[in-house]
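The values are calculated or read from the model by the stated rules, or taken from the named source; none is laboratory data. Fair warning: this is a prediction, and the values are worked out from it, not measured in the lab. As a convention, Cβ positions derive from the backbone with ideal geometry for all residues, glycine included, and neighbour counts pool all protein chains shown.
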Amino acid sequence: MSSTDTAKPAKPAKASRKEARNTIEKKLDLLLVDLKNELGDTKFKNRIKKAAKLLSKGLDKPKKKAIAKKKVAAKAAKKVKPAKAEATAKAAE
């Protein structure tokens, strides 16, 4: 077998987050023309940058794999504790 079969998929680079942020900024700029006229150019750009940063914040993070592993470990720990309690109760009798 080749080593490409077991290789993990590549994670998206931080550049992808920046690219996503730029595309979000462009789209918001096109959609919110009326707001741009009311706020002014500099205030509008600052707010668009902040909004794009918040929207693109969680793009590179792994989703539910780590959370699922923690839940499985917690369930296994809960199952082990009652078994130990039963064993000590039987030994005490």
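A few remarks follow.
- Counted residues, the range 39-89 - those being under 15 Å from the mean Cα position of the chain (by Cα), outside any helix (DSSP H, G or I) and either among the charged types (D, E, K, R) or modelled with pLDDT of 65 or more (or both): 8
- Across the range 27-38, the number of residues qualifying as in contact (Cβ under 8 Å) with a residue 24 or more places away in the chain and outside any helix (DSSP H, G or I) comes to 0.
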